[in-house]
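The values are calculated or read from the model by the stated rules, or taken from the named source; none is laboratory data. Small disclaimer: the values here were computed from a predicted structure and weren't measured. Ideal geometry is used to build each Cβ from the backbone, glycine not excepted, and the neighbour counts take in all protein chains shown. Quick note on the areas: whole protein, heavy atoms, side chains included, nothing else; ligands and nucleic acids left out. Shrake-Rupley method; radii C 1.70, N 1.55, O 1.52, S 1.80 Å.
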Amino acid sequence: MAPPTGPRAGTGRAPPRGPRATGGGGGGGIQKRRVNPRTDRDGDVSMDASAGGSGRGGLASGGRGRGSRDARGGRGAVNSRTSSRVVQNLQNYVSGGPVGKTLSKNMATLKIHGMSNSKATGNPDGGLRSLLTFLERKASSKDKAITIGKSIVDGDYVWITVRKDDAPEILRLNGFTYAGAPLTITETSERMPRPEDKISKAAEETKQQLTSVLARRYNPELKLLDLSSLGTDATLSSMGTFNSKDLAEKAFKVLVVIASQQYKTAAEKREGIQAVSLASNGLNDVMQVFSLAHSLPDIKRLDLSSNNLDSLSKIAKWQHRFQHLEELHLTGNPITTQPDFVAELIKWFPSLQNINGQIVRSPQEVAEALKGMHPTPLPQFPSNLRDGEANVASIFVQVFFPMFDTDRARLAAEFYDNDSWFSIQAIANSGRNLPWKTYLKYSRNVHKLGEKNPATVQRLFTGGNLIADMWKALPSTRHPSMENPGAWLIDCHTFPNLADPTGYGFATGLLITVNGQFEESDATENLYGKRTFTRTFILGPSKPSNPPPVHPYRVISDQLTLHDWTPAESPAVQAPVVNQVPQVPVANAVPPAGPVILDDVTKNQLIQEVMKRTGMTAEYSELCLSGTANWNFELALKSFEEQRANLPPTAFINAV
């Protein structure tokens, strides 16, 4: 395609349109110009499947089963023309286009009638390109160039999308004559047709053949979908499914999609398919069959026996998928010789109880592992949490902050991608509570640095990996429990006009602002204390990827602003030096008869010192001081030593 050119001087008209690719079905498909997708060797959009695999007759090898033959009765590959045709048919069932995407609120849909009656129907594309050029040229003016977005021919109508403020200029052309035929142009609220809506007869035949394969391999009594030894299936072999590795993987993806589509609801699917066997398929990486986790995520039993899986990394892409998986079989794979594989699999699959026929965890242990994995909406919603029915914001913050405290690497991997941004702004007013040294070297405080300081650009961290590395350098934190809503102030509003990551129009995101405080421990400096913070997130739809993202949304922007934690301070009391224990009278280790009256600053300093000496959280340190010790530091330490064995793990800052 030739590069686009600017409008001719003085005309103000849109430039001539370059050649348009036309879709099948007699009139072109939805198109986005200047896009050149990467293709695989069959001419299909690349799925970026990993190379490799050595199993005979399985998905990994891309070859036939030992007893299979092609349509001519002999061994060997199906000719490339047949292979390409099968690929095209399969592609009708492989997601990846704009299916299900709604039109941006800034766009209008127009229907145009008359092209089919024009002299341009003899053009190779039926006259579509010249019609679009005609409309853009006639609608444009010296001050405004009109550009048409998507277009598709459906029967006697041409459908187009334009910006809403450009739609009147196109509608004004209603009744104009194009290539000898009058045009009728109307705006519509109907959904724009898609190429996917038209399934060819050949594609329908392919679907019927694959459906027959599934019917033979489904056991209703066991609720088992048996996809083992697919390389020896006569129907799949006769279709040329194993002519290449790419085609084999695409065929598998279509198989599980069709299986999923047999059920009207997710509940029916969970009940209908509870077990899947992928045994004896020559698999050397679950990436080759990753789509199973997307189409059938709720299975309880999975058989991967007699494959070539040799390490945990070959299964890791399914980590934290299959949340209901109870039984997993891996016998006959080299991975079973690794001493730690059972322990790791238990971490990855929270419901897993049986591996290779051996009980590895009790139902009670499973119930404990599942705690907190499915958060419910916050118990008390702040007035400005406009979250929608899906409770995206409330669920996000309940997952985010505990994971930031315990597993920052996993947090970055799940919610941040290569385009995510993170920055810190340290508002270092005093440093009386805790020093700021660790944060200042990353702080992007423009008021301190100056707008032209290159550090304002250098300290904007982009990409999940870089963000995770930066988080490692920050002190450990412990945020309050979400069960204490009084410790949080959360605002959430919709954030419109985000670029849709698929490239089709715009998307709506969420702007979430969280205000609160956290406990901080810096083991390298032996410092403990509190900070207050404001954290502002912009969430948007996740990008399409293979494997699919863990969550349907991602963090686009994350800005953390930190402040000193300052309690209500009495003006008559001078704040003590950090980590210096205030002098509280001790009379023969007996607390005073009445309650000790201390200002908030002194109490906070005592709490910090108890945290430093004992490693307890601020909450438990305060309980220790305010109990029978009556804010006597020495008695509080004595009480701690006496009760240490009875304290729960959550009483300590570094509790796992």
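Here are some notes:
- Extending 7 Å from the Cα toward the beta-carbon at both residue 517 and residue 368 defines two label points whose distance is 3.2 nm.
- Of 111/144; 250/300; 300/543; 317/472; 119/543, pairs whose Cα-Cα distance is over 32 Å: 119/543
- Counting heavy atoms of the protein chains alone, residue 623 has an accessible area of about 100 Å² for a 1.4 Å probe.
- Residue 142-residue 563 FRET efficiency (beta carbon distance; Förster radius 51 Å; 0.05 resolution): 0.40
- Residue order by solvent-accessible surface for 624, 492 is 624, 492, largest first, with ligands and nucleic acids left out and a 1.4 Å probe.
- Ligands, DNA and RNA left out, the accessible area of segment 211-305 computed with a 1.4 Å probe is 51% carbon and sulfur.
- Maximal additional length on extending the residue 338-residue 298 stretch stands at 11.7 nm, based on 0.36 nm per residue less the C-alpha distance.
- Gain in span if fully extended, residue 191 to residue 204, counting 0.36 nm per residue against the direct Cα distance: 2.3 nm
- For residue 495, distant residues with modelled amide H under 5 Å away: 509, 510, 511
- With θ taken as phi - 60° and the Karplus curve 6.51 cos²θ - 1.76 cosθ + 1.60 applied, the whole-hertz 3J(HN,Hα) list for segment 410-419 is 5, 4, 5, 5, 7, 10, 10, 10, 5, 9 Hz, x standing for glycine and proline.
- Pairs from the table (264/314; 223/253; 142/164) lying more than 30 angstrom apart at Cα are 264/314.
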